[in-house]
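What follows is calculated from the coordinates using simple rules that are stated; it is not laboratory data. Small disclaimer: the values here were computed from a predicted structure and weren't measured. Don't worry about glycine lacking a Cβ; one is built from the backbone with ideal geometry, like all the others, and counts go over all protein chains shown.
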Amino acid sequence: MKAKVYVTIKENVLDPQGSAVQGALHTMGFEEVGKVRIGKYMELNLDTSDRAEAEARVTAMCEKLLANTVVEDFRFELEG
Amino acid sequence: MKFAVIVFPGSNCDIDCYKAVEDTIGQEVDYVWYTATDLSAYDAILVPGGFSYGDYLRCGAIAQFAPVMNEVVKAAEAGKFILGICNGFQILTEAGLLPGALLRNSGMKFRCHQTPLEVVNNGTAFTNQYSQGEIINIPIAHGEGNYYCDDETLAQLEANNQIVFRYAGDDNNPNGSLKNIAGISNERGNVVGMMPHPERAVDQLLGSEDGKRMFTSILNAWREQHGAAVNG
């Protein structure tokens, strides 16, 4: 089974990278761009076929290591 | 008094910390590898700056699970003095020993220069040799020192006098940190984290010796606890 994990800075926390990229896009003429948020994408191959177990284990991985829940949100999808 | 300087793969201020202890207060100091499983011999633990584990994932994210960190947590619980500098501060927040987190600098640049700091709380074991409100000159060198915590945590920090240093002066915040915070303590006051580098400010040849008194403060606090002669 594969987990696709997305980690992003929380909505209410300033994302300096996102702001810089937004500024660059505006300079380039892409005025339609509103807020930009930059995050991380991770793929984890899991040695399990038990979906419920995988969900609980990946949640624990995110809370303990993959995201810093003080400033980041996470979500993930399970495939296979 | 005995100091430990923790060395992670990628630490690069460990030698500066070690030398600062030797040169400012002449106390015993050891490098302690990140795999160590016993810190009971030490009275103070310095978590140095650098790029532990290459800053992979997030600054300090992987270091928080190094074997030695269990011992750092135990030492914190035992009331030992723990000082995290720069990456050390990031590691202590990741490990939950200090509240909040360090984000990317608001200006996106790695900032490396002298910075005036205000001593906001001189009542800690790390700052007792400074005057309240004193402005000291200490260098910074970081890309991710933008301190953030939620409103509730900030209110607690202020109520418990846990803000130890702020960047001093108007428009002088180098990284966008909340309320110009440069360093904080835990509620008990025995764990401090700061982005600026006092260990790089221990001799006029380095541009400032204002960092010296952090080390004399720690020794002073330890001697007071142990009933030994106080270093005036």
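Pairwise inverse Cα distances across chain A, averaged and inverted, put the Kirkwood hydrodynamic radius at 14.2 Å. Using the Cα atoms of the range B:104-232 to build a convex hull, what is its mean projected area in square nanometres? Dividing the Cα hull surface by four gives the mean projection, 8.1 nm². Number of Lys-Lys pairs in the protein assembly as shown with C-alpha atoms under 18 Å apart and a separation of 8 or more places or on different chains: 12. Among B:HIS142, A:HIS26, B:HIS197, the order by Cβ neighbours within 10 angstrom, fewest to most, reads A:HIS26, B:HIS142, B:HIS197. The angle separating the long axis of helix A:51-61 from the principal Cα axis of greatest extent in chain A is about 50 degrees.
Computed from backbone phi with θ = phi - 60° and the Karplus coefficients 6.51, -1.76 and 1.60, the 3J(HN,Hα) list for the range B:125-131 is 5, 9, 9, 5, 8, 9, 8 Hz; x is used for glycine and proline.
On a per residue basis, the convex hull of the C-alpha atoms belonging to the range B:159-232 measures out at 124 Å³. Can you classify the range B:99-138 as rounded, prolate or oblate using the Cα gyration tensor, where a ≥ b ≥ c are the square roots of its eigenvalues, rounded means a/c under 1.5, and otherwise it's prolate if a/b beats b/c and oblate if not? Taking the square roots of the gyration eigenvalues as a ≥ b ≥ c, the range B:99-138 is oblate.
Per residue of chain B, the DSSP helices (runs of n ≥ 4 H) give a summed -39500 (n - 2.57) that works out to -7000 deg cm²/dmol at 222 nm.
Rounded to the nearest 20, the Cβ-based charge dipole of the protein assembly as shown about its Cα centre (Lys and Arg +1, Asp and Glu -1) stands at 160 debye. Spin-label model, B:GLN132/A:LYS40: points 7 Å from Cα along the beta carbon direction are separated by 4.2 nm. With both residues required to sit in chain B, DSSP beta bridges show an antiparallel share near 55%. Using a Gaussian network model of chain A in which every pair of alpha carbons under 10 angstrom is joined by a spring, one finds that among A:GLU31, A:GLU55, A:GLU63 the greatest mean-square fluctuation is at A:GLU31. Calculate, in whole percent, how much of the Cα-Cα pair population of the range B:2-225 lies beyond 28 Å. The share of Cα pairs beyond 28 Å in the range B:2-225 comes to 19 percent.
The relative contact order of the range B:82-232, computed from alpha carbon pairs under 8 Å that lie at least 6 residues apart in sequence, is 29 percent. Each of A:ASP73, A:ASP47 has some number of other Cβ atoms within 10 Å of its Cβ, and from fewest to most they run A:ASP47, A:ASP73.
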